[in-house]
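One structure is given below, encoded as structure tokens.
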Amino acid sequence: MSTTAAGEPHVFVWARGQMTDLAPLVTANDINEHGQIVGSYRPPGEDDPHAYLYHLRSGRRSDLGTLYGWLSEATAANNRGQVVGYVGVRTLPGANSAFFWSKGHMTDLGTMGGDYSQALGVNDRGTVVGVVDVPSVGSRGFVWRGGVMTTLGVLTEGGMFGGIANDVNNYGVIVGSSGVGSETYHAVLWR
């Protein structure tokens, strides 16, 4: 994100030594090898942001929509143009649910019974990782494969901090962080 001379924040892409303003996009969270950028923007007349897929070469933006008529945020895209993120759930203030978007169809990945889940990374095989609230346990990293969400372990059970899975590569190796004790996170790698 950069700021204009008038003090307005604008998202941008930097390539080949040149910065390109991507206004009216609100956030730009990831870019894949094909120049597809994901994040959120505010559609005209809407108060809440929508997830988008922006094609840098053509300048075309696709609104990915929302599942429940509220907000959505795209956090990552793979090289197949599949997108992950989260959507707002109006039934519970502050609640959201992870999504997987492919070929015009958005799938709710669920919350495992807690208040929230957020998808944060996706590899080219469609494996999704993120964070999910698990009742009586707290936040945990998750992996979603073949329609099934599974939580990942943590370094210390019962601590104040849980876990989070931030990204997954094409070999299925996952990186993130896990709580250690009551006040600290450590970087972790799941295989």
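Summary of computed values
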read-out	value
Principal axis dimensions, the chain - Cα atoms, whole angstrom, descending	48, 38, 36
The chain, dipole about Cα centre (Lys/Arg Cβ +1, Asp/Glu Cβ -1), debye to the nearest 20	640
Of all accessible heavy-atom area on the range 28-160, the percent that carbon and sulfur account for (1.4 Å)	48
Rounded to the nearest 20 debye, dipole of the range 34-97 from Cβ charges on Lys, Arg, Asp, Glu	300
Where the range 80-191 is the region considered: accessible area per residue in Å², 1.4 Å probe	49
Length-normalised contact order for the chain - Cα pairs under 8 Å, 6+ apart - percent	10
Long-range amide H partners of Phe142 with built H, under 5 Å	Gly130, Val131, Val132, Leu152, Ala165
Potential extension, Glu33-Lys103 segment - 0.36 nm per residue separation minus Cα distance	23.4 nm
Estimated dipole of the range 77-141 in Debye, rounded to 20 [Cβ of Lys and Arg +1, of Asp and Glu -1, Cα centre]	180
Within the range 18-43, backbone nitrogen closer than 15 Å to the virtual label 7 Å beyond the Cα of Asp167 toward Cβ	29-34, 38
Loop sites in the range 113-191: chymotrypsin sites (Phe, Trp or Tyr not before Pro), DSSP, at most 11 other Cβ within 10 Å	Tyr171
FRET E, pair Leu56, Thr156, Förster distance 45 Å, beta-carbon r, rounded to 0.05	0.60
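The values are calculated or read from the model by the stated rules, or taken from the named source; none is laboratory data. Remember, it's a predicted structure, so these values are computed and weren't measured experimentally. All Cβ positions, even for glycine, are placed from backbone atoms using ideal geometry, and neighbour counts span all protein chains on display. Only protein heavy atoms, including side chains, enter the accessible area calculation; ligands, DNA and RNA are left aside. Shrake-Rupley method; radii C 1.70, N 1.55, O 1.52, S 1.80 Å.
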